[in-house]
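Please read the structure below before turning to the comments.
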Amino acid sequence: MLAKIITKKLNYRIIDYILDKQDIVTSIARNIKSKKANVSKALRELEKENIVVKEIIGKSHSCRFNGLHPEAKEIIKFLLINRANELNTRLNNLPKFIDVYLRFVLKNDYLGLIIFGSALTEKYDDIDIFVISNKIKSKEQIIENLKSIDEKISPIIGTKEELEEGFKNDDALYTNIINGIPFGCLDFIINLKYKHLSLKRKDIEERLIIGYREIQSCKKFKDDKIYIKNHLEKGIFDIIYALLNYNWILAANDREAERLFKITFKYKIPVALKQAGLFAEKMREVIFY
């Protein structure tokens, strides 16, 4: 079902465009060269599947890819593989050739490469390449060999640790590299670039499960009114906060959380144990589906 939705031509173009940015409907339509009505319709479908999240800014709706979606990593991987294939075709199969060449020459010391900078556009003078390697004894020789393959190649050779540190420190060069297209190191780049989303997703899952377990424990001690009084509401609000965070909504306190939850999910907050049990089952399907 998900594959069918994201592979629709217009849906795919929208997700690809907003993968790392947030934008309003009019601007999305203009940049992907499609009619606003068609983009709005496609966004409604993507929002329904929680692949796209909308935020109201004034009178406009700003849209972004939901990196907290349970299949977010697979969607990102799908997009990056397609981008790599498109770039490889445009550069006459040079990226994949270099990937195989370096794998053959450097063997286990080679960890992949990233093409970045102007080479990602239609007009470019240089093909900037970052080669990820554990250790290279003859770095100058490898650079010379790469330039002999194509004089436009402008290589940088560095380690995973160097790339991680540069990206962590928000260094402009390394940020530019990470935003490039990886060959042979796709999982590493996704895990590095989107680590913050993985951690946030993990926190959301854990909080929902804590709330779910609290409500389950209340079922076990359903005749203990004091136990239910101490645990039921806590379980309900753990689930509420998890669902709000999943939708990128922050609440300052329980009262605001309850209000925002009702607006967002159009769901009544349970007060009795039986209702809370149904609530827990229904809400876990939102995140784990």
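Against the list (1) of a type outside the set (D, E); (2) over 24 Å from N179 (Cα atoms); (3) loosely packed, with under 14 Cβ neighbours inside 10 Å; (4) modelled with pLDDT of 95 or more, the condition K4 fails is (4). Each residue in segment 157-183 was checked for being in contact with a Lys or Arg (Cβ under 6 Å, 6 or more places away or on another chain) and under 19 Å from L87 (Cα atoms), and 2 pass.
Residue selection: D99 fails the criterion of being in a strand (DSSP E or B), modelled with pLDDT of 95 or more and over 21 Å from the mean Cα position of the chain (by Cα). Checking each residue of segment 19-27 against the condition of being part of a strand (DSSP E or B) and closer than 17 Å to N245 by Cα gives no match.
Does any residue of segment 58-68 turn out to be free of Cβ contacts under 8 Å to residues at least 12 places away in the same chain and among the aromatic types (F, W, Y)? No: segment 58-68 contains no residue that is free of Cβ contacts under 8 Å to residues at least 12 places away in the same chain and among the aromatic types (F, W, Y).
Looking at K77, K35, K54, just one residue is at pLDDT below 95 and either more than 24 Å from F265 (Cα to Cα) or basic (K, R) (or both), and that residue is K54. For segment 237-278, a tally of residues being in contact (Cβ under 8 Å) with a residue 24 or more places away in the chain and closer than 27 Å to I56 by Cα returns 12. What's the number of the condition E165 fails, among (1) surrounded by 14 or more Cβ atoms within 10 Å (Cβ to Cβ); (2) closer than 25 Å to S138 by Cα? Unmet condition: (1). Exactly one residue out of K262, K202 is touching a Lys or Arg at 6+ places or on another chain (Cβ under 9 Å), of a type outside the set (S, T, N, Q) and not assigned by TED's automatic domain parsing to the domain that holds E55, and it is K262. When you scan segment 45-84, how many residues do you find that are acidic (D, E) and in a helix (DSSP H, G or I)? The qualifying residues number 3. Name the single residue that is nearest to L208 (Cα to Cα) among those in segment 224-244 being β-branched (V, I, T) and under 24 Å from the mean Cα position of the chain (by Cα). Once the filter is applied, the top-ranked residue is I239.
For A242, indicate whether it is buried (at least 18 other Cβ atoms within 10 Å of the Cβ) and closer than 29 Å to H196 by Cα. The answer is yes for A242.
For (1) of a type in the set (A, V, I, L, M, F, W, C); (2) out of contact with any strand residue (DSSP E or B) (no Cβ under 8 Å at 6 or more places or on another chain); (3) at pLDDT 95 or above; (4) not assigned by TED's automatic domain parsing to the domain that holds K219, each residue gets a yes or a no:
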residue	(1), (2), (3), (4)
I240	yes, yes, yes, no
N247	no, no, no, no
A257	yes, yes, yes, no
K268	no, yes, no, no
V271	yes, yes, no, no
K274	no, yes, no, no
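Of everything in segment 28-44 that is of a type in the set (G, A, S) and part of a helix (DSSP H, G or I), the residue that is surrounded by the most Cβ atoms within 10 Å (Cβ to Cβ) is A42.
The values are calculated or read from the model by the stated rules, or taken from the named source; none is laboratory data. Just so we're clear, the structure is a prediction, and the values are computed from it rather than from any experiment. Positions of Cβ are backbone-derived with ideal geometry, glycine not excepted, and every protein chain shown enters the neighbour counts.
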